1. State which residue is nearest to the chain's Cα centre (by Cα) when the search covers only the stretch 124-150 and only residues that are among the hydroxyl-bearing types (Ser, Thr, Tyr) and assigned to a loop (DSSP other than H, G, I, E, B).
2. Scan the stretch 12-40 for residues that are assigned to a loop (DSSP other than H, G, I, E, B) and charged (D, E, K, R) and jot them down.
3. Within the stretch 131-160, restricting attention to residues that are closer than 15 Å to Gly34 by Cβ and in contact (Cβ under 8 Å) with a residue 24 or more places away in the chain, which residue is most open to solvent (accessible area, probe 1.4 Å)?
4. Only strands (runs of 3 or more DSSP E) wholly contained in the stretch 46-123 count here; list those with 3 or more residues that are free of Cβ contacts under 8 Å to residues at least 60 places away in the same chain, open to solvent by less than 60 Å² (accessible area, probe 1.4 Å) and closer than 21 Å to Thr13 by Cα.
5. Pick from the stretch 1-43 the residues that are crowded, with 23+ Cβ neighbours inside 10 Å and among the acidic types (Asp, Glu): which of them is nearest to the chain's Cα centre (by Cα)?
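The values are calculated or read from the model by the stated rules, or taken from the named source; none is laboratory data. These figures come from a predicted structure and were not determined experimentally. All Cβ positions, glycine included, derive from the backbone under ideal geometry; neighbour counts span all protein chains shown. With ligands, DNA and RNA removed, areas are computed over all heavy atoms of the protein, side chains included. Shrake-Rupley method; radii C 1.70, N 1.55, O 1.52, S 1.80 Å.
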Amino acid sequence: MMDAPGVLRVVTTLQSAGVRLWLDGGWGIDALVGEQTRDHDDLDCVIALTDARIARDALAALGFAVALDELPTRFVVRDRSDRRVDFHTVTFDATGAATQQLLDGTMAPYPAQGFSGIGHVAGVRVACLTAAVQSLHHLGYDPDEKDHHDMGLLADRLGIELPAPYRR
């Protein structure tokens with residue numbers, strides 16, 4: 001389980017190592033709404049692909065080791081307590097937009113304005129993907145109960161129009 005103190009320790013460690021990161025997924029959405037609304041198996045974050053080695057090395061000092069390497073798409077680190085950080089690695093262009101090369105070779109877009117989200121974890125300000133980009137990246141797969149919960153928060157608390165798979 002990744003709790004709020006664990007999230008903040010990871011964020012602080014990465015920032016101290018010079019890695020810019022944006023929370024994504026469940027913690028990213030909880031940060032946007034300003035409170036933890038459910039348990040989280042992991043912490044999803046977006047970082048530059050060029051920072052992957054720095055991030056991995058920084059978290060090794062906290063006891064994390066690579067559990068899954070699917071670079072250039074993503075990699076996951078895990079510690080002995082089964083806390084996991086799932087890094088979504090992107091390549092930025094000159095405009096500040098980014099793309100993530102998916103496992104099938106297609107590119108997932110990250111508009112530049114999507115990196116402007118600000119949220120709070122346990123009262124601490126953190127960078128996260130905007131609600132619009134969070135919504136965009138919740139498409140293309142069969143959503144589970146946690147996805148429905150998270151997307152419902154975006155709709156109920158932030159006024160995001162739900163995409164078709166999430167409409168009630």
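1. My answer is Thr130.
2. Within the stretch 12-40, Arg20, Glu35, Arg38, Asp39 meet the criteria.
3. Arg157
4. Hits in the stretch 46-123: 74-78, 84-92.
5. Asp24
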